[in-house]
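A short write-up of the structure that comes next.
The values are calculated or read from the model by the stated rules, or taken from the named source; none is laboratory data. Quantities reported herein were computed from a predicted structural model and do not represent experimental measurements. Using ideal geometry, Cβ is built from the backbone for each residue, glycine included, and neighbour counts are taken over all protein chains shown.
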Amino acid sequence: MHNGYSYYSTMKNASLPDAKFFNKNGNFVDYRLSPSDCNAQVGPFIDNSQNINDLPSDASIQLGEIIKDLVDIHTKNTIELDKNADGYLVLYWAKFIGGKLNRKKSLDWIKVYNESQKKGANIQLIFLNLDYQDFWRITNEDIPEYDF
């Protein structure tokens, strides 16, 4: 595990597709009304994300911890946070879950996100692709088997 957060811990703690929200201080804000809620609440939560800093948050789950070992796929540099953002939305997705789920969930959430930005929300969107990446230069033999 690299610096306490890794691909393994990301995969172990994420469902696909899914979203995690963080307020301007980087504290986790749960979109679910109860622990049994599914990701059907993501879209409505995004639509009202301009109120994210008025909602209860959990400082034990920090955005900085989640992204500190991640890089932008285009620049290969660490992910830069917009310090002027009122909050952050991390969208978890992967090609391996198939086009139907990505279209039904992830792409719909992006449309809702774009509309919320037009309405005045100032939320930074971070895409977190959980597919293995070519630039990692690992072989099939190098891919670990996880026992979840």
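Can you tell me which of Ile66, Ile52 is crowded, with 16+ Cβ neighbours inside 10 Å and farther than 19 Å from Lys118 by Cα?
On the way: Ile52 fails: farther than 19 Å from Lys118 by Cα.
Selected residue: Ile66, the only one of Ile66, Ile52 that is crowded, with 16+ Cβ neighbours inside 10 Å and farther than 19 Å from Lys118 by Cα.
Go through region 15-35 and give me each residue that's part of a loop (DSSP other than H, G, I, E, B) and not hydroxyl-bearing (Ser, Thr, Tyr). If you could, list the steps in order and put the result at the bottom.
Restricting attention to region 15-35, the residues satisfying the condition of being part of a loop (DSSP other than H, G, I, E, B) are 15-17, 24-26, 30-35.
Those that are part of a loop (DSSP other than H, G, I, E, B) and not hydroxyl-bearing (Ser, Thr, Tyr): Leu16, Pro17, Lys24, Asn25, Gly26, Asp30, Arg32, Leu33, Pro35.
Is one or more of the residues making up region 83-96 among the charged types (D, E, K, R), in contact with a helix residue (DSSP H, G or I) (Cβ under 7 Å, 6 or more places away or on another chain) and at pLDDT 85 or above?
First, the residues of region 83-96 that are among the charged types (D, E, K, R): 83, 86, 95.
Subset that is in contact with a helix residue (DSSP H, G or I) (Cβ under 7 Å, 6 or more places away or on another chain): 86.
Of the ones still in play, those that are also at pLDDT 85 or above are 86.
Yes, region 83-96 contains a residue that is among the charged types (D, E, K, R), in contact with a helix residue (DSSP H, G or I) (Cβ under 7 Å, 6 or more places away or on another chain) and at pLDDT 85 or above.
Would region 71-80 turn up any residue that is modelled with pLDDT of 90 or more and buried (at least 17 other Cβ atoms within 10 Å of the Cβ)? Break it down stepwise before answering.
Of the residues in region 71-80, the ones modelled with pLDDT of 90 or more are none.
Taking every residue of region 71-80 in turn, none turns out to be modelled with pLDDT of 90 or more and buried (at least 17 other Cβ atoms within 10 Å of the Cβ).
Within region 97-123, track down each residue that is surrounded by fewer than 20 Cβ atoms within 10 Å (Cβ to Cβ) and at pLDDT 90 or above. Even if it seems obvious, please write down each step before you answer.
Here is the first cut: in region 97-123, the ones surrounded by fewer than 20 Cβ atoms within 10 Å (Cβ to Cβ) are 97-104, 107-108, 110-112, 114-115, 117-120, 122.
Result: Lys111, Val112, Asn114, Glu115, Gln117, Lys118, Lys119, Gly120, Asn122.
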